[in-house]
Amino acid sequence: MTEARDVRVGIIGGGLMGRELAAVCGRWDLLVDHPVRPRIVAVADPAPAAREWFSRVDSVSRLTDDWRDLIDDDGMDVLYIAVPHQMHEEIYTAAAAAGRDFLGEKPFGIDLPAAERIVSAIDASDSFVRVSSEFPFYPGAQRAFAYAESGALGDILDVRSGFWHSSDLNRAKPINWKRRVETCGEIGVMGDLGLHVAHVPLRLGWVPSTVYARLDDVVGERPGPDGSPVVCDTWDNALLTCTAHPRTGRDFTMLWETRRIAPGHVNTWFFEAVGMDGGVRFSTRQPTLLHRFAVRDGEQIWEEVQPGNVSAWPVVSGAIFEFGFGDALLQMWASYLAERDGALNGRFGTATPAEALLAHRVFDAALRSGRAGMPESP
């Protein structure tokens, strides 16, 4: 066992996910034999309250209101850039131009042209860049991916990948940046939740060739800062019916579902794939269960498997313990930093800029489909 090397991390955007990274760093010793150890050393955020929160983190020695200070700082090994969508292009391209390694937040640009410019800047740089998507790191999701990748499904018939929650079920909830086109983008909920849904199918090589979209703006107004109604002009729910083609085999139907308003679901991510020879499904609503389908002796069988706390990167916790959102974030960061260090060793990796761009192409086709009322090609 070799001692882990420190990786100095700067956070641009000290909101919820930046604070979650502080918690991840505090739990890093749960990982077994990881080659590096992240330490948050600087935070940039224009909000004094956000900076004040990070003053309690012992490793943080620099707080600034200007993100450029961290881009220009050679003392940063890695940046975590967690800012609203309209800021992605400016900051991501600046980080790439400076040769900074970073983990960016989804959707990797407010729209498709922005995503294309971001990926072009990264391709022209020496930066190691990945995109945040933590739900596929649940043990059950990992097992579902491996089962689908193994070929056990045979000729694929149907795939469903989705993310449902009820954050906008309350019509009186005040408007925020995710509910405005100017800050979230016209893709709306697809930008907010879509890469979570796209990550596993795209990693399996299941790229949509056509998209037929049902887009729904359920709540048209929400209270503004003074309580008066403000137009809420992003899509709340999106159902994408796609035709996909695997690396081998026939075309099949694939549904991508993103819903901010899904009554009965607090925060449910799921993946399901069924073929002629087998099937698999996993949902974070039942995180301790993985379901697999097979035909045995002429009988059709759905069986339950308990994946346990057996994660992509080994941890000291026993396999019988339950896995949660914080564990998924820990695994995502372990994956990103291990891959950056050349030590991923075949494990499932964080979403790539190319996958984020592919997802944007699908979401752009969904917008066109929603306007035209007919299928469109990404």
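A few points about this structure:
- Fraction of beta bridges assigned by DSSP in the chain that are antiparallel (%, nearest 5): 60 percent
- Quick note on the range 277-378: its Rg to Rh ratio, both from C-alpha atoms and Rh being the Kirkwood radius, is 1.10.
- Loop sites in the range 1-70: GluC sites (Glu not before Pro), DSSP, at most 13 other Cβ within 10 Å: Glu3
- Sequence-separation-based contact order of the chain, relative, with Cα cut under 8 Å and 6+ spacing, percent: 19 percent
- Glu322 versus Gln306: modelled label distance in nm, points set 7 Å from Cα along the beta carbon direction: 1.3 nm
- Farthest toward positive dipole pole in the range 300-361 [+1 Lys/Arg, -1 Asp/Glu at C-beta], among Phe348, Leu337, Pro314: Leu337
- Each stretch of four or more DSSP H residues adds -39500 (n - 2.57); spread over every residue of the chain, this sum gives -9000 deg cm²/dmol at 222 nm.
- Loop chymotrypsin sites (Phe, Trp or Tyr not before Pro), the range 229-338 (other Cβ atoms within 10 Å of the site Cβ: 14 or fewer; DSSP): Phe321
- Global form of the range 163-250, assessed from the alpha-carbon gyration tensor, a/c cut-off 1.5: prolate
- With Cα atoms as the point set, the radius of gyration and Dmax of the range 5-131 evaluate to 14.2, 41 Å.
- For the range 117-187, a simple Cβ point-charge model (Lys and Arg +1, Asp and Glu -1, everything else neutral) yields a dipole of about 480 debye relative to the Cα centre.
- Share of alpha-carbon pairs per 20 Å distance bin for the chain, given as whole %: 28, 59, 13, 0
- At R0 = 56 Å, FRET efficiency that the Cβ-Cβ distance of Asp216 and Glu3 yields, to 0.05: 0.60
- Rounded to the nearest whole Hz, the Karplus-based 3J(HN,Hα) values (6.51 cos²θ - 1.76 cosθ + 1.60, θ = phi - 60°) of the range 131-139 follow the sequence 10, 5, 6, 9, 5, x, 8, 4, x, with x at glycine and proline.
- The residue list Ile122, Ala50, Gly99 was ranked by how far each Cα lies along the charge dipole of the range 5-131 toward its positive end, using unit charges on Cβ atoms, and Ala50 comes out on top.
- Distances between placed amide hydrogens fall under 5 Å for Asp217 paired with Asp236, all partners being 5 or more residues away or on another chain.
- Note, ³J(HN,Hα) from phi for the range 217-226, Karplus 6.51, -1.76, 1.60, rounded to Hz, x at Gly and Pro: 9, 7, 10, x, 9, 9, x, x, x, 9
- Working note: Karplus 6.51/-1.76/1.60 with θ = phi - 60° gives the range 304-320 the couplings 9, 10, 9, x, x, 8, 10, 9, 4, 9, x, 10, 6, 5, x, 5, 7 Hz, where Gly and Pro are set to x.
- Dipole magnitude of the chain, debye to nearest 20 (Cβ charges: Lys/Arg +1, Asp/Glu -1, about Cα centre): 520 debye
Each reported figure results from applying straightforward, stated rules to the coordinates on display, with no laboratory input. As the structure is a prediction and not an experimental result, all values here were calculated from the model. Using ideal geometry, Cβ is built from the backbone for each residue, glycine included, and neighbour counts are taken over all protein chains shown.
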